[in-house]
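Heads up, the thing below is written out as structure tokens.
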Amino acid sequence: MILLLLISLVIFIGMIRGVKHNQTTQLDEQVMTFALSHRTFFWTVMMKLFTELGKPIPIAIICLSNYFYFSKDTIFGKQLIITVIVGMVAAYFVKISVKRTRPDEHRLVQEKDYSFPSYHALGAAMVYFSIAAESINYGLKHALMASIICVICFFMIGYSRVYLGIHYISDVIAGWSLGVMIVCLVNFYYAI
């Protein structure tokens, strides 16, 4: 976990520096161009569905259902709820500090707040990464199935934000790395 914490910290700091100094522009444009060139009716429907999984109500339902039903004990449920609260507060302060505007062109949905980091990618990282890690306690068969589902949701929720034209890939990477970092920090706190 310490190595994962350090890697996510380095990536997150790198994304902040890259955005502040316009060093992510080429990557952002290349991924956005790729996403725009692969838009189809089917993928647009799929990306809208995935982006819905990253919204606050589905995230809250997943957290609460883990707290009340799925966890073998309530400690994981508490950890998950605390992780999401800490992550959202941290992301809010990063958003108002960085103040990155969203992409202007080719939006398929509208958002009003700042772009960096992506709340959806953050939420996906915190919730789905936590569930994948917790699933190990349920045996290899469940862990494998849960991990596959969680990895798909993790990446597709983040990518959906670029596909829908409301985030740059650097926003998504920052959200993912901040989310993994928060999960690691909360897990360290509970391990003490």
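Overview of values
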| read-out | value |
| --- | --- |
| Length gained when the stretch Y189-I75 is fully extended (0.36 nm per residue, less Cα-Cα span) | 39.8 nm |
| Protection proxy ranking of 108-114, 161-167, 129-135 - average other beta-carbon atoms within 10 Å, highest first | 161-167, 129-135, 108-114 |
| Simple Cβ-charge dipole of the stretch 72-184, Lys/Arg +1 and Asp/Glu -1, about Cα centre, in debye nearest 20 | 80 |
| Cα→Cβ-extended label distance, 7 Å offset, between V151 and Q30, nm | 2.3 |
| Calculated P(r) of the stretch 1-60 - Cα pairs past 13 Å, % | 75 |
| Stretch gain in nm, segment S37-S97, where the contour uses 0.36 nm per residue and the Cα spacing is subtracted | 18.4 nm |
| Nearest 10 degrees, 0 to 90: helix 169-191 Cα axis against the chain principal axis | 20 |
| Segments 40-48, 89-97 sorted - mean Cβ within 10 Å per residue, highest first | 89-97, 40-48 |
| Potential extension, D113-I85 segment - 0.36 nm per residue separation minus Cα distance | 8.3 nm |
| Computed E for I2/I61 - FRET, C-beta separation, R0 30 angstrom, nearest 0.05 | 0.45 |
| Ellipticity estimate at 222 nm from DSSP helix runs (n ≥ 4, -39,500 (n - 2.57)) divided over the chain, nearest 500 | -25000 deg cm²/dmol |
| Descending principal axes extents, the stretch 2-191, alpha-carbon based, whole Å | 46, 36, 26 |
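Values quoted throughout were computed directly from the atomic coordinates according to the rules given, and no laboratory measurement underlies them. Here the structure is a predicted model, which is why all the values come from computation and not from measurement. Glycine gets a Cβ as well: all are built from the backbone with ideal geometry, and neighbour counts include every protein chain shown.
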